[in-house]
């Protein structure tokens, strides 16, 4: 079928199919398009021996259209020359596309849908930690939170949903190729998706104590002005005014909202804020750069009625907050990039949640919420999740909506409400089912107030993380390999006996 189509047009089709996958993610949220596009991809590569080029183009389409905003970060706000920024973005997209080579096993194993889903899931999981990890646009996020498959997230985590998406696409392929009984295939697809629908109705966690009123502040400070020394007083004044207008027991500011080292914040400024907090019997959490001896941290710090507490970011952004292999890549910062605080230290891997009254809040900063296995380090002790971020780096792109969807997944995985305090958006409250219950319009300044319910108890994901889906996938691979060897031995013995006769 595909041999009749010229290579150039066929390659373009593979690339565009990957690009169409982006529509499955936020802000578009056409979640059904994901298994359908993957089915079409399988159909086109079914007769190819090792479709490496096709898989690479498929992945490249997804990442070039899905994370093009990396260019904005590097060029517009990082000061990198356009050619260097474009090349760097392309290299990252190309690297991420390599993980889609796992789909090249499809033609050889097109009658083994579990095997193809298992190997893709394992490789996608590897993407979450190799070279510190960049699991953005993991396929499972496309099903948050409207899809029935989201019901599996508290059990399997996001990679279990990726497994089911690949499996669904493979089953659709088998339906049209008449390899198996079509009734059984349809029945299996219905069972997978209907089970997810009913799983969404399960209450994995229970409300804990009384709700706490929280105000999230969105400063909407332009990224190219944030670290401008001439603008610092205006930024401080903006946040002070927003804080003093709020009387909630807990007020939260975004990541690095105060563009100064903690020790350099004017004492009279802190005095006015502390005085307000004392009057309302409240607390404030704000993002700031913190220094301890020779180490500098991207931190969240609290002030107010309860004792002073802090959280130090553990999972730093490569080339954004530290330089990996500085002896090799140091020139990137020295000659190409202009980013503040580019040599930060990691906070401890395990940190205690912040406690305010009867509620404990697990804090994560920036893209730390992309790593579900790290979020559960503070659980089940914590009752509420808080992400403090600054997506102003990515301008007016789809990055902030994608990030919001990732936070929604963390809420579903843990059965806890997620609060998001961001600089330019999306600042929002998310309930324990992953639904956004309120949000501030992007690129506007203001505050958002909500009564937030704490939750206790554990979802299966809190207890076991990604382990169950990984073990299941590995067992499938081992079983398929062993089965193949046994069949080969049987055929060899059979052929030998036939020759003897």
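Quick look at the values:
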{"item": "Segment 284-308, residues that are surrounded by fewer than 17 Cβ atoms within 10 Å (Cβ to Cβ), part of a strand (DSSP E or B) and touching a helix residue (DSSP H, G or I) at 6+ places or on another chain (Cβ under 8 Å)", "result": "291"}
{"item": "Complete set of residues in segment 258-283 that are assigned to a loop (DSSP other than H, G, I, E, B) and touching a helix residue (DSSP H, G or I) at 6+ places or on another chain (Cβ under 6 Å)", "result": "259"}
{"item": "Residue in segment 349-368 that is surrounded by fewer than 21 Cβ atoms within 10 Å (Cβ to Cβ), closer than 30 Å to residue 468 by Cα and out of contact with any helix residue (DSSP H, G or I) (no Cβ under 9 Å at 6 or more places or on another chain) present", "result": "no"}
{"item": "Any hit, segment 97-111, residues being free of Cβ contacts under 8 Å to residues at least 40 places away in the same chain, closer than 24 Å to residue 321 by Cβ, assigned by TED's automatic domain parsing to the domain that holds residue 53 and surrounded by fewer than 23 Cβ atoms within 10 Å (Cβ to Cβ)", "result": "no"}
{"item": "Helices (runs of 4 or more DSSP H) wholly inside segment 110-212 that include at least 3 residues being under 27 Å from residue 315 (Cβ atoms)", "result": "113-126, 153-156, 158-177"}
{"item": "Within segment 71-95, considering residues that are crowded, with 21+ Cβ neighbours inside 10 Å and touching a residue at least 40 places away in the same chain (Cβ under 8 Å), the one farthest from residue 223 (Cα to Cα)", "result": "80"}
{"item": "Exclusive hit being under 27 Å from residue 169 (Cα atoms), within 23 Å of the chain's Cα centre (by Cα) and at pLDDT 95 or above, set 44, 114, 98", "result": "98"}
{"item": "Residues that are farther than 27 Å from residue 415 by Cβ, out of contact with any helix residue (DSSP H, G or I) (no Cβ under 7 Å at 6 or more places or on another chain) and outside the structural domain of residue 283 (by TED's automatic domain parsing), drawn from segment 187-227", "result": "187"}
{"item": "Which listed residue is in contact (Cβ under 8 Å) with a residue 40 or more places away in the chain, within 22 Å of residue 210 (Cβ to Cβ), crowded, with 24+ Cβ neighbours inside 10 Å and not assigned by TED's automatic domain parsing to the domain that holds residue 145, from 404, 386", "result": "386"}
{"item": "All positions within segment 308-348 that are farther than 20 Å from residue 258 by Cα and modelled with pLDDT of 90 or more", "result": "315, 348"}
{"item": "Criterion (modelled with pLDDT of 95 or more and not in a strand (DSSP E or B)) met by exactly one of 412, 363", "result": "412"}
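The values are calculated or read from the model by the stated rules, or taken from the named source; none is laboratory data. Being a predicted model, the structure only gives us computed values, none of them experimental. Neighbour counts are summed over all protein chains in view; Cβ atoms, including those assigned to glycine, are modelled from backbone coordinates with ideal geometry.
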